[in-house]
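Novice: Sharing a structure with you now.
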Amino acid sequence: MADFRQQALDYHEHPTPGKISLALTTPAETAEDLALAYSPGVAEPVREIAANPDDVYRYTNKGNTVAVITDGTAILGLGNLGPLASKPVMEGKALLFKRFANIDSFDIQVKNTTVEDFVNTVANIADSFGGINLEDIKAPECFAIEKALIERCKIPVFHDDQHGTAIVTAAGMLNALDVQGKQLKHAKIVCMGAGAAAIACMELLINCGAQRENIYMLDRKGIIHTRRDDLNEYKKLFANNTDKRTLEDAIDGADVFVGVSGPDVFSAEQLSLMAAKPVVFACSNPDPEIKPELAHATRDDLIMATGRSDYPNQVNNVLCFPFIFRGALDVRARTINAEMKVAAVHAIREIAKEPVPAEVLKASGSASLEFGAQYIIPKPMDPRLLERVAYAVAKAAVDTGVAAVDMPKNYMGMA
C-alpha cells in the first residue's frame, strides 16, 4: 500500500504537475496566424456572435466543453476536505472526459458555503461552457444545487455522483435480473443508504420499471417509513407504509440489495435471508458493504457487483458520463432528462450481451468474457460505449424535444 501511495503521488507530480493541459487547435506560428487568432482578426467572430448568439458554437469551442465543478464537501469517500483538496479529483474527471469522449473539460473549485451563493457563481459562468458536471457535493445540498442550476442554465447540468452511479447500476441490475430469471417490476429491493447516489439509483430504477412500494430504503436510523417525522423532502419520496424497521426485516425474502453506504454493514446472516437467486450491488468504495468472498461463500446462487476494479461487475461511472455528455453536446441539448438517462441504461446493458472484442479482452486483462453472472456490465475500455451511448442519448434528446439541433448526419456511424 505504501508503494501504491508513492506511485500515485509520483503520477500526479511527474513529469509535469497535474494530469491535464491545454492544446492549440489552430496554427499560431506566423504573424498572420496571430493576427487571425487575436487582434484584429478575432473581432470578426465577436461581431458574428453578437449578432447571432448561436454562432458561439460555430466560432468557439463552447460546444465541446464541460465544466467539472465542486465545492469539495464530499470528496470520494474522504468527506469534506475543501475545494482545493478536490482539484486532483476534478482533474481526473477532466482526464476521463478527454480520454473516453474527446471532450475538453475545465475543473473549477468553488469556495461558496451556501447553496444560493454556489448556484449564483455557477449560473453566472455557465454560458462559457457546453455543459456542467457537478461533482463531490454533499447531500442534501446537491439536490437543491442541481435543481436550481437546471432551472437557471440553458445547458445540461448533471450531478454524476447521483445520475452516473444510477445509470450504471440500473444497466447492471437489469442484466443481473435477466440472468437470474427475474423482472424488475416484481423485484423486492432493499437500498442501504439514503444519500444522493441512493436516491438517484432508486428513482432511475423506478423509471426503468421498479415499483416504488417494493423499495425499502434505510438510513442510519433504519427503514425510511411513513411514520418517521425526521425525513427531508428527498427521503420522504421513499417513505414506505410498512411495519418493517430494520435491515433484517427488509432483507427477508428480498430479491435485490443495493448498498451505497459504508463498509461491512451487510452480514452473511442477512444475505442468507434473501430470496433465491439474489442480486447484490455492494458499491461502497474502497470497501464494499459485504466482501465478495464472504458473499459468494454464503450464497452460491448470487450475482454480485461492487465499485472495485479487482472484482467482476464493477459499477464504474466512466461507463456513462463521458458518453452522455458527448451525445448531449452534439445535439446541443439544454438538459439531460429522464428519457436520456433511460436510453443510456439500455445502450450500456445491451453491449454486455454481445461478443466482447479482442481489444477489450486485452485491455481488461481477461482471457474471456461472456454475458452471465460474472459479466453483466461492459468494461470501461469498450469502444462501443462511445458510439452506442452517445447515439442513444442524442436520439432521446431529439425525440423529447430538448435538442437545439438535429442529429448529425451518420452520427457515430449509425443510421
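The values are calculated or read from the model by the stated rules, or taken from the named source; none is laboratory data. Only a predicted model underlies this, so the values are computations on that prediction, with no experimental measurement involved. Quick reminder, even Gly has a Cβ in these numbers, built from the backbone with ideal geometry, and neighbours come from all protein chains shown. The protein model used for the area step is the full one, side chains on, heavy atoms only, and it has no ligands, DNA or RNA in it. Shrake-Rupley method; radii C 1.70, N 1.55, O 1.52, S 1.80 Å.
Novice: Order of 321-333, 131-143 by packing, highest average Cβ count within 10 Å first?
Specialist: 321-333, 131-143
Novice: Output wanted: per-residue J couplings in Hz (rounded whole) for the stretch 165-178, from phi through Karplus 6.51 cos²θ - 1.76 cosθ + 1.60, θ = phi - 60°, x for Gly and Pro.
Specialist: 4, 5, 5, 5, 4, 5, 4, x, 5, 4, 5, 4, 5, 4
Novice: Sticking with this one: If Arg152, Arg245 are ordered by their accessible area, calculated over protein heavy atoms with a 1.4 Å probe, which sequence runs from highest to lowest?
Specialist: Working: Arg152 125, Arg245 85 Å².
The ordering from most to least exposed comes out as Arg152, Arg245.
Novice: Given a 1.4 angstrom probe, what's the average accessible area per residue across the stretch 38-106, in square angstrom? Intermediate values should be presented prior to the final figure.
Specialist: Numbers: 3650 Å² over 69 residues.
It amounts to 53 Å² per residue over the stretch 38-106.
Novice: Next question, about the same structure. Given N residues in the stretch 295-343, what is Rg(Cα) / (2.2 N^0.38 Å)? It would help to have the intermediate numbers written out before the result.
Specialist: Values: Rg = 16.2 Å, N = 49, 2.2 N^0.38 = 9.7 Å.
Cα Rg divided by the expected 2.2 N^0.38 Å: 1.68.
Novice: When all C-alpha to C-alpha distances in the stretch 263-334 are sorted into bins of 10 Å, what percent of pairs does each bin hold, rounded to whole numbers?
Specialist: That works out to 19, 40, 19, 15, 7, 0, in percent per bin.
Novice: Next question, about the same structure. What does the accessible area per residue of the stretch 169-292 come to in Å², with a 1.4 Å probe and no ligands, DNA or RNA counted? Walk me through the intermediate numbers first.
Specialist: Values: 4930 Å² over 124 residues.
Result: 40 Å² of accessible area for each residue.
Novice: Heavy-atom accessible area per residue, the stretch 327-379, 1.4 Å probe: how many Å²? It would help to have the intermediate numbers written out before the result.
Specialist: Values: 2350 Å² over 53 residues.
On a per-residue basis, 44 Å².
Novice: Let me ask something additional. Under 5 Å between amide H atoms, partner at least 5 residues away or on a different chain: which partners does Lys138 have, H built in plane at 1.01 Å?
Specialist: Residues meeting the amide H criterion: Thr73, Ala74.
Novice: What order, most packed first, do the peptides 293-299, 124-130 have when packing is the mean number of other Cβ atoms within 10 Å of each residue?
Specialist: 124-130, 293-299
Novice: Mind checking which of Ala276, Thr114, Ser309 is farthest towards the positive end of the chain's charge dipole, using Cβ charges of +1 (Lys, Arg) and -1 (Asp, Glu) about the Cα centre?
Specialist: Ala276
Novice: Another one. State, as an integer percentage, the relative contact order of the chain based on alpha-carbon contacts under 8 Å between residues 6 or more apart.
Specialist: Numbers: 736 pairs, mean separation 52.8, N = 415.
RCO, the chain: 13 percent.
Novice: Which percent of Cα pairs goes in each bin when the distances of the stretch 140-225 are cut into 5 angstrom slices starting at zero?
Specialist: Pairs per bin, as whole percents: 3, 14, 21, 22, 18, 12, 7, 3, 0.
Novice: In debye, nearest 20, what is the charge dipole magnitude of the stretch 302-363 about its Cα centre with +1 on Lys and Arg Cβ and -1 on Asp and Glu Cβ, if you could check? Working shown, then result.
Specialist: On the way: 8 positive and 6 negative charges, 38 e Å.
Magnitude of the dipole: close to 180 debye.
Novice: Where does the chain land on the Kirkwood hydrodynamic radius, alpha-carbon pairs, in angstrom?
Specialist: 22.6
Novice: First compute the accessible area of the chain with a 1.4 Å probe, then give the percent of it belonging to carbon and sulfur atoms. Could you put the intermediate results ahead of the total?
Specialist: Working: 10570 of 19860 Å².
Looking at the chain in its full context, I get 53 percent from C and S.
Novice: May I ask you to order 248-255, 342-349 by the average number of other C-beta atoms within 10 Å around their residues, highest value first?
Specialist: Packing proxy ranking, top to bottom: 342-349, 248-255.
Novice: Over all directions, average the projected area of the Cα convex hull of the stretch 355-415 and note it in nm².
Specialist: Details: hull surface 21.4 nm².
Orientation-averaged projected area of the Cα hull: 5.4 nm².
Novice: Mean separation of Cα pairs under 8 Å and 6+ residues apart, divided by the residue count of the stretch 174-320: what relative contact order is that in percent?
Specialist: On the way: 268 pairs, mean separation 28.3, N = 147.
Answer for the stretch 174-320 is 19 percent.
Novice: Go through Leu184, Gly41, Leu95 and say which Cα lies farthest out towards the positive end of the charge dipole of the chain; charges sit on Cβ, +1 for Lys and Arg, -1 for Asp and Glu.
Specialist: Highest projection toward the positive end goes to Leu184.
Novice: Which of the residue pairs Lys291/Lys341; Lys93/Lys341; Lys185/Lys379 have a Cα-Cα distance greater than 24 Å in the structure shown? Don't jump to the answer; show the numbers that get you there.
Specialist: Working: Lys291/Lys341 30 Å; Lys93/Lys341 19 Å; Lys185/Lys379 27 Å.
As for pairs spanning more than 24 Å Cα to Cα, those are Lys291/Lys341; Lys185/Lys379.
Novice: Same structure, new question: May I ask you to derive the relative contact order of the stretch 80-200, considering only C-alpha pairs under 8 Å and at least 6 residues apart, and to give it as an integer percent?
Specialist: Details: 103 pairs, mean separation 24.1, N = 121.
After rounding, I find 20 percent.
Novice: When DSSP assigns beta bridges and you keep just the ones with both residues in the chain, what percent turn out antiparallel, to the nearest 5? If you can, show how the numbers build up before the last one.
Specialist: Numbers: 5 of 36 bridges.
Roughly 15 percent of the DSSP beta bridges within the chain come out antiparallel.
Novice: Further, regarding this structure: Can you list the residues, at least 5 places off or on another chain, whose amide H is less than 5 Å from the amide H of Asp107, using H built in the peptide plane?
Specialist: Val68
Novice: Continuing with the same structure: Under a point spin-label approximation (7 Å from Cα along Cα-to-Cβ), what is the Asp3-Ala358 distance to one decimal in nm?
Specialist: 3.2
Novice: Which Rg and Dmax, in Å, describe the Cα atoms of the stretch 1-111?
Specialist: Calculated on Cα positions, Rg and Dmax stand at 18.6, 58 Å.
Novice: Here's a follow-up. With θ set to phi - 60°, apply the Karplus curve 6.51 cos²θ - 1.76 cosθ + 1.60 along the stretch 398-404 and write out the HN-Hα couplings as whole Hz, x wherever there is a Gly or Pro.
Specialist: Per-residue couplings from phi come out as 5, 5, 9, x, 9, 9, 8 Hz.
Novice: Same structure again: Once amide H atoms are built 1.01 Å from N in the peptide plane, which residues 5 or more positions from Phe129, or in another chain, come under 5 Å H to H?
Specialist: Sorted by chain and number, the residues that satisfy this come to none at all.
Novice: Any chance you could check the Cα centroid distance between the stretch 122-175 and the stretch 294-368 for me, in angstrom?
Specialist: Computed from Cα coordinates, the inter-centre distance equals 19 Å.
Novice: Can you tell me what the convex hull of the Cα atoms of the stretch 291-407 projects to on average, as an area in nm²? Walk me through the intermediate numbers first.
Specialist: Working: hull surface 31.5 nm².
Over every viewing direction, the Cα hull of the stretch 291-407 projects on average to 7.9 nm².
Novice: Something else about it: Give the Kirkwood hydrodynamic radius (Å, one decimal) of the stretch 29-185, defined as one over the mean of 1/r across all pairs of different Cα atoms. The partial results should precede the final answer.
Specialist: Details: mean 1/r = 0.0560 Å⁻¹.
It works out to 17.9 Å.
Novice: Per residue of the stretch 28-40, what does 6.51 cos²θ - 1.76 cosθ + 1.60 with θ = phi - 60° give for ³J(HN,Hα)? Whole Hz please, x for Gly and Pro, Karplus curve as stated.
Specialist: 8, 9, 10, 4, 5, 4, 5, 5, 7, 5, 10, 6, x
Novice: Relative to 2.2 N^0.38 Å, what does the C-alpha radius of gyration of the stretch 219-341 come to as a ratio? Two decimals please.
Specialist: Values: Rg = 17.5 Å, N = 123, 2.2 N^0.38 = 13.7 Å.
Against the empirical 2.2 N^0.38 Å value, I get 1.28 for the stretch 219-341.
Novice: Would you mind working out the magnitude of the charge dipole of the chain relative to its Cα centre, with +1 at each Lys and Arg C-beta and -1 at each Asp and Glu C-beta, to the nearest 20 Debye? Each step should come with its number before you reach the end.
Specialist: Numbers: 42 positive and 54 negative charges, 139 e Å.
The dipole of the chain has a size of about 660 debye.
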